[in-house]
Amino acid sequence: YFGGNNYQTGVLAGEFLCQFARKRWKGKADVCLVLPVKGIGSVLEARTAGLKDTLRKGLPGLRASAILTTPPALSAKEGFNLTKKLLRVHGGRGKRVLIAALTDQLGIGAERAVREAGLEDRVVIVGQGGGRDARALIERGGAFQASVAFFAESYGERVLSLAVNI
């Protein structure tokens, strides 16, 4: 297997959320919504484990029961619908919400739900992939603040170098 270290991508997403909460909310967050991606099995497990391990260490006040995982999804539309539903239940009364979208598309949908609910000042989103659409949304400003990039375009060159060395 040649690709990103999926546990580490979860760690990176978690570190961003922890740093954001410490900087903007004095280390307090009320809930973390995890938007997993459908169809990636052990990759998903590794990303989620890295994320949760980092949140537990970095935000000890965030209860394990406050880390909520949605059903796996793929599209921005699904990310929107899942986030909208969970924000109705868990985003009220001034709560500070962290969202870890395990793909950028889910994060893009989550950002739309947050924006439509008028909760940009109480929600932060991190995605995974670092694609053009996500980067444009991050540059625009709003709840979608970061994405873990994989730089897949450089895999071929790195695989050939590895193969030559072997």
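Here are the numbers for the structure shown:
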item: In degrees, nearest ten, helix 41-58 long axis to first principal axis of the chain (Cα); result: 50
item: Relative contact order (percent, whole number), the chain, Cα cutoff 8 Å, 6+ residue spacing; result: 24
item: Length added when fully stretched, D53-R24, from 0.36 nm per residue minus Cα-Cα; result: 8.3 nm
item: Protection proxy ranking of 104-112, 88-96 - average other beta-carbon atoms within 10 Å, highest first; result: 104-112, 88-96
item: Under 5 Å, built H, 5+ apart or other chain: amide partners of V34; result: L68, T69, T70, A100
item: Whole-Hz couplings from phi, Karplus 6.51/-1.76/1.60, listed for the range 61-77; x for Gly and Pro; result: x, 7, 5, 4, 6, 8, 9, 9, 10, 7, x, x, 8, 10, 9, 4, 4
item: Rounded tilt (10° steps) of 6-25 against the dominant C-alpha axis of the chain; result: 30
item: Taking N as its residue count, the alpha carbon Rg of the range 19-62 over 2.2 N^0.38 Å; result: 1.32
item: Accessible area per residue in Å² at 1.4 Å probe, computed on the range 1-148; result: 49
item: Debye, to nearest 20: dipole size of the chain, +1 on Lys, Arg Cβ, -1 on Asp, Glu Cβ; result: 820
item: Nearest-0.05 FRET efficiency for K77 and E45, computed from C-beta distance (R0 41 Å); result: 0.95
item: Rg over Rh [alpha-carbon atoms, Kirkwood Rh] for the chain; result: 1.00
item: Length gained when the stretch R140-Q8 is fully extended (0.36 nm per residue, less Cα-Cα span); result: 44.8 nm
item: Carbon/sulfur fraction of accessible area - the chain, other protein chains in place, 1.4 Å, %; result: 54
item: Sequence-distant residues sharing a close amide H with S147 (under 5 Å, placed H); result: G127
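The values are calculated or read from the model by the stated rules, or taken from the named source; none is laboratory data. On a predicted model such as this, the values are computed, not experimentally measured, just so you know. Note that each Cβ is placed from the backbone with ideal geometry, even for glycine, and that neighbours are counted across all protein chains shown. Only protein heavy atoms, including side chains, enter the accessible area calculation; ligands, DNA and RNA are left aside. Shrake-Rupley method; radii C 1.70, N 1.55, O 1.52, S 1.80 Å.
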